[in-house]
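Comments concern the structure below.
The values are calculated or read from the model by the stated rules, or taken from the named source; none is laboratory data. These numbers come from a predicted model, not from an experiment. Please note: Cβ atoms are built from the backbone with ideal geometry, for glycine as well, and neighbour counts cover all protein chains shown. When the accessible area is computed, the model is the full protein with side chains, heavy atoms only, and any ligands, DNA or RNA have been set aside. Shrake-Rupley method; radii C 1.70, N 1.55, O 1.52, S 1.80 Å.
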Amino acid sequence: MTSPLLGKRLQILFSLLSVIAVLVIGAAGFLYYQMRGSLAQLDGTVALAGLSSPVKIERDAAGVPRLTGANRTDVARALGYVHGQDRFFQMDLLRRRAAGELAELFGPGALSVDRGARLHGFRRTAAQVVAALPEEHRALLDAYVAGANAGLAALNKKPWEYLVLRVDPAPWTAEDSLLCVYAMWFDLQDDTGHYDLAMRALQNAYGASGVAFFAPRGTSADAAIDGTTFPAAELPALRLKSADDKETAARAPDWAEPAPLPGSNSFAVDGAHSASGVALLANDMHLGLSVPQVWYRAELNWTDANGATQRVVGVTLPGAPTIAVGSNGAIAWGFTNSYVDTTDVVVIETYADLQYRSPAGWRDIEERAETIKVKGEADETLTTRWTEWGPIIGPADAGRYYVLRWNAHSPESANLNIAALETARTTEEAIAIAHRVGMPNQNILIADRAGRIAWSLTGKIPKRVGFDGRLPVTWGYGDRKWDGWLAESEVPVVADPADGVLWTANNRIVGGDAYAKLGDAGYDNGNRAKAIRDDLRELVAKKKATPADLLAVQLDDRGKYLERWQKLLLEVLHDEAVAQKKERAEMRDLVQAWGGHASIDSAGYRLLRGFRTKVTERTLAPFLEKPQRSYEKFRFGTMTEDAVWRLVSEKPARLLNPDHRSWESLLLAAVDDVIADADKAGTPLARFTWGARNTLRMQHPFSRFLPSWLAHFINMPAEQLPGDSQMPRVQSMTFGASQRLVVAPGREDEAIFHMPGGQSGHPLSPFYRAGHDDWAKGRASPLLPGATAHTLTLAP
């Protein structure tokens, strides 16, 4: 029997729990109410000042909008409106990333990022770009800005992220739209001078022969579209200590596997080789995967000054008023990061740390004060030091500094000329526009309705004098410099190839004089480009290509680059070697049974890939210390693939890691490293699958400080995905295709499109995850918006 005292205590406890439950439910309800208030309006009529005529916004069941207005300026205003309603917080992060203003939202934890960004002074540069815009583009931009602010103001509550942060969103400005472009510059190019400094460290350590071997200009996988190749480098004139010379036991390699390069795939098939007779374009841009995802899909419709109806469909960058990649019925275009060399590290001599030597004599170092607002703390003042060539990025040696010369620092490198692609009618017209587009330098691939295809480049490209741009040099005497930019006539173009196909995958595209003019900022090693080229040539040799065929190329997850490594591993795991350790026998069986794909259920792929990585670690480990003495951030990049293969194939004793007595022992140690990794994970080799490692982590930035049950609500599903970095289907846990597009201009109703996230940045929206499953599963889904589910009219 329960005592009266215990019963009373239980009654009090139940009462408290009931009160707590009511408070929790009430808090959850209040939060839900507050969050719902920031959902975009989908139906009805809204007044929008500045319009010349009403604009209709029709959304399909996935939230993809079709905007129809009287002119392009009205449509820009409406695009700003939907961006402001659906993605304002993302826009805010982009402008703040470029301007160095994240700490104002997130506090001191973001200061290191802001300090790095403030070094470049992009808010100042953006203002200069806006001031120089032609009237037509300024009108387009001003309309977009007004629309974005109106869309934000029309929400019943401020976007939910600001409720969490307990701050108010700042209004959008014209400069902010340019800052969104500069944010992409940070993503796509080298803002620290790392590549040049790494090359200098490598040369200081091992001379010219070491640079040629470990950082070659070309590889055995080269797939340049002009067919050019570079001869293989000789083994470097070096000798490492032998194992007998060592005084210490084996040491762990100081190694980090190179991160996936920001890049993309694009490829095209001309009309003579397509089933429709119209050229086909495929483009999948590879970027970091987060929520909300980078792009915002839209179809824009308007009437031009000549009375002609214009339609363009594709992806936009929230914060910018134009279509970034898409098709207008006459042409389609796509981008990949070019890795042409647009940065140089300049060595300056200084006097009393106040002046630097220039061709015109000694000049004062300019000091710029930057005030960084920090949430919850006092403002921080940062002083950056500038020369005529750019900001000082660090000390070189006694009395000298490194300065970064970057095309992004020049106001003439950015503009809104990409808007002209929306109405271009031919490949020739599009190429001419591309050469005047101000943006981070991209490979542009164009396909037109007449069946033609072409490749060229966008952005300002430095015209170097006196040096090739690969190593830091002094510019103080005038014999080495940038003499402006390459003229449009000097930018290479490849059009209408004889075999009917073009491809780019962040690899070197051209050789000879064109390569010398473009330079090298760290091209990809060619494995991915070669796979795409071979897929395309095999395709058009068999049949006329369709959109589904090009999607299949985008989804190709075969690990062809590992075929030679598979053969090597099976040679290493001979009967005597496997007899020494039973796990080696199991690993051999799994690798021998590998089906050739980076599939989620494949243990063979993960083991084989791991073997290649571990061999690379052990082979290159003794070569790291010397270059790191002069540049501690030095790491070998993806271009070392051939160097490692040459070493393990030719087995020169003088270049063997002294931790090993033979190349055979190094290779077996790499096998055991992979086995040890599986053991450390507590996973039997047969269940040590690629999918278990390659599990998507596409997360909202807030998820890192929320409990897991709540973070799950705002993140994309953590699902196992096929693909990897050295094949067409690029996929890692946090990096991959930010969209996939396959389209024949004029036949957009047959086009295929994927995005990894939905249109809305609001987790309560039905459009938050719309389309993700098609992207993950590789199912063909349409580019054009579907049947209208919602209609919102913006009225003057």
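For segment 580-627, just say rounded, prolate or oblate: build the C-alpha gyration tensor, square-root its eigenvalues into a ≥ b ≥ c, call rounded for a/c under 1.5, and beyond that prolate if a/b exceeds b/c, oblate if not. Oblate is the answer for segment 580-627, as a/c is 1.5 or above yet b/c matches or exceeds a/b. Solvent-accessible area of Glu632, all protein chains in place: 150 Å² (probe radius 1.4 Å, heavy atoms, ligands and nucleic acids excluded). Shown here: segment 262-355, whose C-alpha atoms stretch 67, 35, 35 Å along the first, second and third principal axes, sorted largest to smallest.
Overall, the accessible surface of the chain at a probe of 1.4 angstrom is composed of carbon and sulfur to the extent of 53 percent.
Between Leu165 and Glu650, the contour length at 0.36 nm per residue exceeds the Cα-Cα span by 168.7 nm. Given the -39500 (n - 2.57) contribution per DSSP H run of 4+ residues, what per-residue ellipticity at 222 nm results for the chain, rounded to the nearest 500 deg cm²/dmol? One gets -11000 deg cm²/dmol as the mean residue ellipticity at 222 nm. Rg and Dmax of segment 93-212, based on Cα coordinates, read 19.3, 65 Å. Other residues whose C-beta falls under 13 angstrom from the C-beta of Asp549 contribute a net charge of 0, scoring Lys and Arg +1 and Asp and Glu -1.
Relative to its residue count, segment 557-642 spans a Cα convex hull of 122 Å³ per residue. A viscosity of 1.306 mPa s and a temperature of 10 °C, combined with the Kirkwood radius over Cα pairs in Stokes-Einstein, give a translational diffusion coefficient for segment 582-705 of 97 µm²/s.
Between Arg436 and Lys626, the contour length at 0.36 nm per residue exceeds the alpha carbon distance by 64.1 nm. Assuming R0 = 35 Å, what is the FRET efficiency of Asp773 and Leu706, from their Cβ-Cβ distance, to the nearest 0.05? Once the sixth-power term is evaluated, E becomes 0.90.
Taking a sphere under 15 Å around the Cβ of Leu235 and counting the other residues whose Cβ falls inside, with K and R at +1 and D and E at -1, yields a net charge of +1. Between Ala378 and Thr303, the C-beta separation translates, for a Förster distance of 56 Å, into a calculated FRET efficiency of about 0.55. Taking 16 Å as the cut-off, the amide N atoms of segment 470-492 that come nearer than this to a point 7 Å along the Cα-to-beta-carbon line of Arg400 belong to 470-481.
Placing +1 on each Lys and Arg Cβ and -1 on each Asp and Glu Cβ, with no other charges, gives segment 534-684 a dipole about its Cα centre of roughly 420 debye.
A protection proxy built from the mean count of other Cβ atoms within 10 Å ranks the segments 472-482, 786-796, most packed first, as 472-482, 786-796. Length gained on full extension, Asp679 to Asp364, computed as 0.36 nm times the residue gap minus the Cα-Cα distance: 107.4 nm. Of the beta bridges in the chain, as assigned by DSSP with both residues counted there, near 90 percent are antiparallel. Excluding ligands, DNA and RNA, the accessible surface per residue across the chain is 40 Å² with a 1.4 Å probe. Between Ser665 and Arg239, the FRET efficiency estimated from the beta carbon spacing at R0 = 22 angstrom works out to 0.70. What aspartates and glutamates sit close enough to Lys777 to cross-link, taking a C-alpha to C-alpha distance under 17 Å and skipping anything fewer than 8 places away on the same chain? Output for Lys777: Asp284, Asp549, Asp556, Asp557, Asp601, Glu719, Asp724.
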